[in-house]
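Have a look at the structure below, then the notes.
Values in this text are rule-based calculations from the coordinates and carry no lab data. Keep in mind that what you see is a predicted model, and the values were worked out from it rather than measured. Neighbour counts are summed over all protein chains in view; Cβ atoms, including those assigned to glycine, are modelled from backbone coordinates with ideal geometry.
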Amino acid sequence: MKVCVATGTRAEYGLLKPLIDRIQAEPKLSLQVLVTGAHLSPEFGLTYRQIEQDGVKITVKVEMLLSSDTAEGITKSMGIGLIGYAAAFNQLKPDLLVILGDRYEMLALAAAALIYKIPIAHLHGGEITAGAYDDSIRHAITKLSHLHFTSTAAYRQRVIQLGEQPGNVFNVGAIGLDQIYSLQFLSRAELEKALNIRFQKYNYIVAFHPETWGALAVEEQFQCLLDAIAEEENSFFIFTGANADTNGRIINQMMAAYAHKNQDKAALFSSLGTLKFLSVMKIADAIIGNSSSGIIEAPSIRTATINIGDRQKGRIQAGSVLNCTFNKKAITEALKTVKSASFKNKLQEVDSPYGNGTASDKILEVINNVDLSALHLKSFYNCSYE
């Protein structure tokens, strides 16, 4: 069986890497890797190189990303992607396509797969993120997909509620936890050397992306955070660049300007890579921003999360997550809380609601035993509300 795994961003690849490794090692399966989106952009770090450094053979690259993060630019990028995906599918002829999440690159890819009658296995369906249009994209990909691998039992029920057959929906946990449970983290000293930084008494990783449904301008969203951290003493902030989303470049420009002016307390990296990102998260006092990694991965290594705004609103959260609005005072209070002894003690008792790091094995078992011929004709499952 030819299994094509698609990836368009650094974060997405980091989550998929354990599954890619397992497919590659499985004699019954033939791995194809389709790389697209920000991976191929110099602006976002040409992160396809990391894939190659990991020993993963890239089967096909699909250029699609325009140098614009406006609504028009992203829509045109999706159109270019569709053209490229058509050529890729003509070449690859996969038996199964694996897609993770909720990004516009993957929506265009799923649309192309529909026309080519390629069954889709979708990871992380059923979740809600009310503050971004990713929420709608995720549900749309669910309806275009045939196999579903959710991260909690509640999300499995939501996918079924969307009309998907229960027998094709599997709760496997969050795939991002797989590497966390098996990774050899870098030490504080190793990180300082690798990143050419000097940690302080308090250290934070900042992962912030545009809240695309938000009423507040993206500049105002991020400025609230910058205003709060500017007053923090004995602290170091590691910024990771925003994704190629609407207005993401504005955030990256603001990050770059702040890091340049405050080199003693901040550093910006367009991409840390999975090992360094998770290692920094592990030693950090908190991850700050609105990234899903603060909701899904951080609790499993008992790192606090300061989740700002509504981008992740609706996702199931652990007790290590502090939610606050786009308000300097609220963010400052959250920073004060994560430094308190009582909260640090609470962190030691946190359990992740997203599984125990065995998602890849469970997904591989399903793929190995699936009857592809039974997937092509989808029928709508009607839930009983009696």
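At 0.36 nm per residue, minus the direct Cα-Cα distance, what do Val366 and Glu220 gain on full extension? Give it in nm, one decimal, please.
Values: separation 146, 0.36 × 146 = 52.56 nm, distance 4.53 nm.
Full extension from Val366 to Glu220 adds 48.0 nm.
Where the centre of each part is set by its Cα atoms, how far does region 101-135 sit from region 322-359, in angstrom?
First find each Cα centre; the distance between them is then 29 Å.
For Thr47, enumerate residues with amide H under 5 Å from its amide H, sequence gap 5+ or separate chain, H modeled in the peptide plane.
Sorted by chain and number, the residues that satisfy this are Ser41.
For Val206, which sequence-distant residues (separation of 5 or more, or a different chain) have an amide H within less than 5 Å of its own amide H, given hydrogens modelled in the peptide plane?
Ile238, Phe239, Thr240, Ile288
Starting from region 156-213, pick out the trypsin sites (Lys or Arg not before Pro) whose DSSP state is loop and whose Cβ has at most 11 other Cβ atoms within 10 Å. Write out the running numbers ahead of the final one.
Working: sites: Arg156, Arg158, Arg188, Lys193, Arg198, Lys201; in loops: Arg198, Lys201.
For trypsin sites (Lys or Arg not before Pro) across region 156-213 that sit outside H, G, I, E and B with at most 11 neighbouring Cβ atoms in 10 Å, the list reads Arg198, Lys201.
Among rounded, prolate and oblate, which fits region 57-151 when a ≥ b ≥ c are the square roots of the eigenvalues of its C-alpha gyration tensor, a/c under 1.5 means rounded, and a/b larger than b/c means prolate?
Details: a/c = 1.99, a/b = 1.05, b/c = 1.89.
Oblate, since a/c reaches 1.5 and b/c is not below a/b.
Report the gain in length on full extension from Asp264 to Gln200: 0.36 nm times residue separation, minus Cα-Cα distance, nm rounded to one decimal. Before the final figure, lay out each step's value.
Details: separation 64, 0.36 × 64 = 23.04 nm, distance 0.95 nm.
Full extension from Asp264 to Gln200 adds 22.1 nm.
Calculate for the chain the 222 nm mean residue ellipticity that helices alone would give, adding -39,500 (n - 2.57) per DSSP H run of length 4 or more and normalising by residue count, nearest 500 deg cm²/dmol. Kindly include the intermediate steps, with their values, before the conclusion.
Numbers: 15 runs with 160 residues, N = 386.
For the chain, the value works out to -12500 deg cm²/dmol.
If I model a spin label at Lys346 and Glu26 as a point 7 Å from the Cα along the Cα→Cβ vector, what separation in nanometres do I get?
For Lys346 paired with Glu26, the spin-label model returns 4.1 nm.
Please give me the summed charge of the neighbours of Asn307: other residues whose Cβ is under 14 Å from its Cβ, Lys and Arg +1, Asp and Glu -1. Don't skip to the end; give the middle numbers.
Working: positive: Arg311, Lys313, Arg315; negative: Glu211, Glu297, Asp310, Glu333.
My count for the surroundings of Asn307 gives -1.
Would you check region 188-347 for Lys pairs whose C-alpha atoms are within less than 12 Å, ignoring same-chain pairs closer than 8 in sequence, and give me the count? Don't jump to the answer; show the numbers that get you there.
Values: Lys193/Lys276; Lys201/Lys265; Lys201/Lys339; Lys336/Lys344.
For region 188-347, qualifying lysine pairs total 4.
Give me a comma-separated list of calculated 3J(HN,Hα) values for region 67-79, in order, Karplus coefficients 6.51, -1.76, 1.60 applied at θ = phi - 60°, integers in Hz, x for any Gly or Pro.
So the J values, rounded to whole Hz, are 7, 7, 10, 7, 4, 5, x, 5, 4, 5, 4, 4, x.
Could you run the Karplus curve 6.51 cos²θ - 1.76 cosθ + 1.60 with θ = phi - 60° over region 26-38 and give me ³J(HN,Hα) per residue in whole Hz, x for Gly and Pro?
Karplus values, whole Hz, x for Gly and Pro: 8, x, 7, 10, 10, 7, 10, 10, 9, 10, 8, x, 5.
FRET efficiency for Ala374 and Ile128, Cβ-Cβ distance as r, R0 = 30 Å, nearest 0.05? All intermediate terms of the calculation are to be shown ahead of the outcome.
On the way: r = 29 Å, r/R0 = 0.98.
E(calc), rounded to 0.05, equals 0.55.
May I ask you to list the residues of region 353-385 whose amide nitrogen lies under 16 Å from a point 7 Å from Cα along the Cα→beta-carbon direction of Gln161?
Under 16 Å, as judged by backbone N against the label point of Gln161, lie 381-385 of region 353-385.
Answer rounded, prolate or oblate for region 188-347, using the Cα gyration tensor with square roots of eigenvalues a ≥ b ≥ c: rounded when a/c is under 1.5, else prolate when a/b is larger than b/c, else oblate. Walk me through the intermediate numbers first.
Values: a/c = 1.33, a/b = 1.06, b/c = 1.25.
In terms of gyration-tensor shape, rounded.
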